[in-house]
Structure formats: structure tokens, C-alpha cells
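Report on the following structure.
The values are calculated or read from the model by the stated rules, or taken from the named source; none is laboratory data. Because the structure is a prediction, the values reported are computed rather than measured. Using ideal geometry, Cβ is built from the backbone for each residue, glycine included, and neighbour counts are taken over all protein chains shown.
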Amino acid sequence: MREIVVTSSIELTPAQKEKLERGLRAKEGGELIFVYKIHNIVGGISINDGQTVLDASYSRELHNIRKKSEEFIHSSIKKGIPVNKIPQFIQEKLDSFVDKAPDTEVCGRVISAADGVIKAEGLGNCQYGELLLVGTHGYALAMNLEEDTVGAILLSDMDCVEYGDTVYTTGRIIEVPVGEELLGRVVNPLGEPIDNKFSIHFEKTRRIENEAPRIVDRQKVNEPLSTGILAIDSMVPIGKGQRELIIGDRQTGKTSICIDTIINQRDKDVICIYVAIGQRAASVRKLIKTLEDNGAMSYTTIVLSTASDSAPLQYIAPYTGCAMAEEFMENGKDVLIIYDDISKHAVAYRAISLLLKRPSGREAFPGDIFYIHSRLLERAAKLSDKLGGGSMTALPIIETQAGDISAYIPTNVISITDGQIYLESELFNAGQRPAINVGLSVSRVGGAAQTDFIRKLSAKLRLDIAHYRELAIFAQFGSSLDTSTREILANGEKIVEALKQPEYKPLSTLREAIYLYAIVKGYLENVPVCRINEFLENYFNYVCGTAPALCKTIKSGKSPSDEELAGLEACATQYACLFR
């Protein structure tokens with residue numbers, strides 16, 4: 001016995017029902033039960049047996065006409081076609097629809113819907129990751145392909161889906177708009193603007209899922225991406241095309257480092273994509289205002305999925321941002337993308353997997369949690385010159401609990417990335433900003449992401465700080481210290497003070513190099529700790545006024561000549577004597 005659902009815009013007459021049932025029984029055979037429903041489908045009828053739908057309604061076609069009309073209007077305006085001629089297209093489409101034959105296609109039916117997840121039967125030709133049309137305007141993403149049913153996550157409002165709704169396969173993977181039209185905008189994970197500004201008229205879309213560049217399509221990371229943070233650029237450098245993890249407990253300055261990095265890309269022809277996953281809307285508003293105040297929104301796109309959004313939207317958010325970044329990268333541009341944060345993305349995926357009743361593993365995460373992050377982060381690369389030489393630099397953020405970097409998600413992401421910047425709560429609470437733990441932070445690209453001059457200066461800095469940290473711990477337990485130990489502690493304290501930096505004030509490469517020279521060469525020896533920032537600021541101005549040729553060389557990224565280095569040493573010595 002088969003159930004036939006007949007949907008119409010008005011109640012059918014008994015004669016119409018009898019004629020319809022007689023015709024279907026003669027055609028299909030077998031025992032049929034007819035269920036009649038009234039729905040707002042404009043006109044016509046739709047017949048559904050759970051596997052096949054005979055759609056003779058006007059709603060579907062009118063929806064397509066409206067979409068094509070909007071596209072036609074936008075393209076016509078761009079081409080300069082008079083607006084009064086545009087309605088001709090719409091009228092032609094309506095005229096052609098009058099005698100149009102009904103569409104027949106394979107479809108399914110919703111058999112359960114709860115918590116943003118639906119199950120549908122009758123979708124035998126569905127593919128993994130395919131976009132499904134639910135009802136007339138709802139969308140879902142196919143995630144589970146079982147023998148008789150398909151599990152999908154809803155991308156639209158849960159209220160628009162009911163038991164028994166028709167589900168159509170579209171044959172498409174989710175696509176989002178890409179291009180320069182998105183710069184300066186805030187969009188949701190579907191690429192729709194949510195910043196209360198004008199709509200985005202895009203000319204190109206791109207799948208959110210894409211294969212990572214092959215090894216032969218990449219080249220070595222050899223160009224620095226300056227963060228403007230002296231402690232990072234000197235000891236844990238980041239290169240264009242690198243994947244550098246930023247990890248630490250809550251409220252240790254992880255997002256601040258990323259904002260500083262975005263601000264520092266001003267006038268450097270680097271496009272920035274910031275993906276907020278599960279963040280509070282108030283925090284993101286503050287971040288947007290900071291970027292606007294510093295003139296950084298003009299080259300930045302923010303993909304926002306707040307904590308109030310559904311788990312499916314939080315899950316696709318980083319892939320949406322990555323697709324937008326890939327478009328720029330493949331056009332030969334340099335892109336910085338920030339995922340804030342990956343731990344919330346993992347939690348969203350875990351929620352989806354549990355709702356889909358997938359087997360769970362360690363910490364209740366599904367077995368493919370490593371794969372979803374690796375396929376995301378591996379898309380960051382420095383492309384070969386043959387492919388345009390563009391780059392995508394990824395800065396994923398992980399939030400740890402009580403400093404535990406050996407937990408499941410942190411260890412997974414650490415193994416994928418090319419290094420990590422570890423921010424420690426104790427250092428943050430002690431007033432060191434940024435609170436970078438030098439011992440646990442590393443960049444696997446190393447000196448390849450630094451200029452020659454900074455690489456030579458920073459070689460000894462990391463060891464000096466590590467030595468200072470070690471002695472400072474033991475000094476807490478000893479009452480008497482020898483002279484050499486006290487000198488190391490005093491020098492280390494001054495280095496740490498010199499590396500402190502207020503947020504949202506990144507340093508230029510020239511300033512970093514001149515500061516670093518004074519720190520490494522020991523010119524802070526006779527400067528009180530409380531006056532180190534004053535010394536460095538005035539010392540920089542003194543060098544800029546005294547040795548402009550040297551400053552020009554450092555700005556260009558070249559290594560200073562012996563004569564220029566001698567002049568810099570003379571400037572530093574003179575100013576150290578003048579400083580009082």
C-alpha cells in the first residue's frame with residue numbers, strides 16, 4: 001500500500017479527486033491511499049509518493065524566475081541597459097511558463113526533524129556534502145548516507161521544516177560569493193551580509209570544500225609576514241603561506257595578537273579574512289570597531305557565526321572563509337586568514353555528530369575530527385610562481401583548559417600546523433603582554449620567514465630569555481646569588497620589559513630592527529627598567545635622524561653593510577651616553 005500526497009493551492013472538487021485517483025490507479029496499479037493537503041503554492045498541484053514528485057505547481061518556477069530576474073536586473077544595470085526594458089525579460093519568462101509541462105524529479109520526505117538535524121527517506125541518488133532543498137525555501141547539508149535514509153544538518157531556520165516536508169537533491173555543493181566585493185563587509189557562513197549595509201552584488205561563487213594544493217604546486221615559505229609584535233617577529237616568525245597555531249587559556253591575548261597582525265597589514269597589500277566561530281556578538285562588535293578605528297576594515301572580511309547560531313553554521317564558517325581566501329590566493333594575492341577558534345569548531349562538529357548518532361571516540365569527538373581540521377588547514381599554502389605566487393597564511397586559535405596542551409584537539413592541531421605560539425596565563429597575570437612562553441613556542445619555518453638583519457640579531461635573544469626564565473625560577477628559592485647570576489637576571493628582566501607591547505599598536509619592521517639591535521647588543525645595561533620604553537622610543541627617533549641611509553636599507557629588507565652597521569653602533573653608543 002502506497003500513500004500518495006496531493007498538494008494544491010485550493011480544495012479540489014470531488015469530481016477532480018475522482019478523476020485524479022482513477023488516472024493514477026490506472027497508471028501505477030496496486031493499492032493507493034490518497035492524502036490531500038492545501039498549501040500556499042500559488043497554483044497548480046504537486047503529487048508525491050515519497051520517492052517521486054510530479055510538480056505541476058507554480059511556486060517552484062516562480063521562485064526560479066524571481067532569482068533569474070534579480071540576476072538579470074543586476075547585470076543589466078551594470079551593462080547600462082535602460083531600466084524600463086528590464087520587465088520585458090520577466091514577462092517573456094511568464095509567457096513561456098503558461099503551457100510548461102510539469103517537472104518530474106526524484107525527491108524524498110522528512111521523517112524526523114530536531115535540534116537542527118533532519119532525516120529524510122527516498123533520496124537514493126544523494127551525495128555526501130550535497131546541498132538539499134527542504135520544502136520551498138529551507139536548505140540542508142547531507143552528512144550521513146545510510147541504507148534507507150539520509151541524515152542532514154539544517155542551514156536554515158528550524159521552524160521552516162516540518163515532518164513530511166519534501167526534500168529535493170540539488171546536485172550542488174554549498175557555494176558562497178567570493179571576490180573584492182566582500183572586503184570591508186561582515187557576512188554569515190552562507191556569504192550573506194549581516195552588517196546592515198547594502199546587499200552584495202557578486203559575480204562569482206566558489207565551493208566551500210576544495211582540495212588542498214599539491215606539493216608540486218607549492219613553494220617554500222621564504223617571505224616574512226610581519227605581525228608588528230617584536231616578540232613574535234624576532235623569536236617565533238611567521239611566513240607567508242605558513243600555518244601557525246596560537247594556543248593558550250581563555251583571556252590570555254590570543255585574539256589581540258591576531259587583531260594586531262591584521263592592523264599591521266595596512267598598506268602591505270595583504271588581504272585579511274577573520275572567521276569568528278562561536279564568539280559572543282558583543283566581542284565581535286568591539287573587534288570590528290577596533291579594525292575600523294585603525295583603518296583595517298577596508299582590506300578585511302569578517303565571517304561571523306556567533307554562539308547563538310546553530311552548530312551547522314558554526315561548522316561551515318571556517319570553510320566559507322577559506323573559500324573566500326582561496327579566490328584571492330589563486331589570483332596571485334597574499335591572504336591572512338584567522339580561525340577564532342578551532343576548539344569551538346570542534347565542539348560544533350561533535351554536537352552535529354552526536355545528533356547524527358555517529359560513533360564517538362576520545363572525549364566524545366567523532367573519529368574524523370582530525371581529518372576535518374587537516375583538510376581545512378592544508379589549504380593554506382604559498383603557491384608556485386607558475387600559479388601566480390599567491391599565498392594563504394593561516395592563524396588558527398585553540399583555547400586550552402588550565403594550560404593543558406596535551407588534550408585531544410590541541411595535540412591534533414599542533415601536529416597539523418607549522419609551529420605554535422603558546423600564551424601562558426601566569427605570564428599574562430604577571431603583566432607580560434604578549435604572554436609568550438618562549439620554551440613551548442616554536443616556528444618550524446624559522447629564519448626563512450625573517451629578514452637577514454633581524455635573523456642575525458634574534459639568534460641569541462631566545463637563549464637569553466630561556467636562560468633568564470630558568471634562573472628566575474631557581475632564584476625564588478635561594479637567598480644569596482653570585483654576581484654573574486644577578487647580572488643574568490637583571491639583563492633578562494630588561495629584555496622582558498623591552499619586549500612588552502600594548503595591544504593594537506604594532507611596530508614597523510624598521511622600528512623592530514632598531515629596537516632589537518639595542519636589546520641584543522646590551523645598550524639597555526645602564527637603563528633603569530622603568531625607563532626602558534622611553535629609552536627605546538627616543539633612541540629610534542635619534543637613529544632615524546642621524547642615519548637615514550641605514551633606515552632606508554632596513555626598510556627595503558636588505559642586510560646593512562659593514563659601514564652602515566658601524567654607523568648604527570656609533571649612534572647607539574652616542575645616545576646611550578646622552579640618555580639621562
Exercise. What is the one condition in (1) crowded, with 17+ Cβ neighbours inside 10 Å; (2) part of a helix (DSSP H, G or I) that Ala380 does not satisfy?
Worked result: (2)
Problem set entry | Which numbered condition Phe453 fails, given (1) hydrophobic (A, V, I, L, M, F, W, C); (2) surrounded by 15 or more Cβ atoms within 10 Å (Cβ to Cβ); (3) outside any helix (DSSP H, G or I) | (3)
Problem set entry | The one condition in (1) touching a strand residue (DSSP E or B) at 6+ places or on another chain (Cβ under 9 Å); (2) without any contact (Cβ under 8 Å) to a residue 24 or more places away in the chain that Leu499 fails to fulfil | (2)
Seminar exercise, completed: Log entry, pairs with first residue in region 193-211 being among the hydroxyl-bearing types (Ser, Thr, Tyr), second being exposed (fewer than 14 other Cβ atoms within 10 Å of the Cβ), beta carbons closer than 9 Å, six or more apart or on different chains, reads Ser199/Glu192
Exercise. Applying the selection to region 141-184, what residues are free of Cβ contacts under 8 Å to residues at least 40 places away in the same chain and of a type in the set (A, V, I, L, M)?
Worked result: Ala142, Leu145, Ala152
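Quick one: which of Asp260, Asp249 is in contact with a helix residue (DSSP H, G or I) (Cβ under 7 Å, 6 or more places away or on another chain) and charged (D, E, K, R)?
Numbers: Asp260 fails: in contact with a helix residue (DSSP H, G or I) (Cβ under 7 Å, 6 or more places away or on another chain).
Step by step, each of Asp260, Asp249 is checked, and only Asp249 is in contact with a helix residue (DSSP H, G or I) (Cβ under 7 Å, 6 or more places away or on another chain) and charged (D, E, K, R).
Out of the residues in region 397-420 that are in a strand (DSSP E or B) and not polar (S, T, N, Q), state the one that is surrounded by the most Cβ atoms within 10 Å (Cβ to Cβ). Let's see the steps before the verdict.
Filtering region 397-420 for residues in a strand (DSSP E or B) gives 397-399, 419-420.
With not polar (S, T, N, Q) added as a condition, the list becomes 397-399, 419.
Details: Ile397: 23, Ile398: 27, Glu399: 19, Gly419: 19.
Taking the candidates together, the pick is Ile398.
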Exercise. Are any residues in region 7-32 surrounded by fewer than 14 Cβ atoms within 10 Å (Cβ to Cβ) and under 22 Å from Gly135 (Cα atoms), and if so, which ones?
Worked result: Ile10, Glu11
Exercise. What do you reckon, is Thr227 in contact with a strand residue (DSSP E or B) (Cβ under 7 Å, 6 or more places away or on another chain) and either in a loop (DSSP other than H, G, I, E, B) or surrounded by fewer than 24 Cβ atoms within 10 Å (Cβ to Cβ) (or both)?
Worked result: no
Seminar exercise, completed: When region 409-435 is checked residue by residue, the ones that are of a type outside the set (A, V, I, L, M) and under 21 Å from the mean Cα position of the chain (by Cα) are Pro410, Thr411, Asn412, Ser415, Thr417, Asp418, Gly419, Gln420, Tyr422
Exercise. Here is a list of conditions, (1) hydroxyl-bearing (Ser, Thr, Tyr); (2) crowded, with 18+ Cβ neighbours inside 10 Å; (3) assigned to a helix (DSSP H, G or I), and Tyr274 meets all of them except one; can you say which number that is?
Worked result: (3)
Exercise. Which one is surrounded by the most Cβ atoms within 10 Å (Cβ to Cβ), of the residues in region 124-179 that are within 19 Å of Pro318 (Cα to Cα) and of a type in the set (Asp, Glu)?
Worked result: Glu130
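Kindly indicate whether Ile488 is in a helix (DSSP H, G or I), in the same structural domain as Leu510 (by TED's automatic domain parsing), in contact with a helix residue (DSSP H, G or I) (Cβ under 7 Å, 6 or more places away or on another chain) and in contact (Cβ under 8 Å) with a residue 40 or more places away in the chain. Can you show your working first?
On the way: in a helix (DSSP H, G or I): yes; in the same structural domain as Leu510 (by TED's automatic domain parsing): yes; in contact with a helix residue (DSSP H, G or I) (Cβ under 7 Å, 6 or more places away or on another chain): yes; in contact (Cβ under 8 Å) with a residue 40 or more places away in the chain: no.
For Ile488, the condition - in a helix (DSSP H, G or I), in the same structural domain as Leu510 (by TED's automatic domain parsing), in contact with a helix residue (DSSP H, G or I) (Cβ under 7 Å, 6 or more places away or on another chain) and in contact (Cβ under 8 Å) with a residue 40 or more places away in the chain - is not met.
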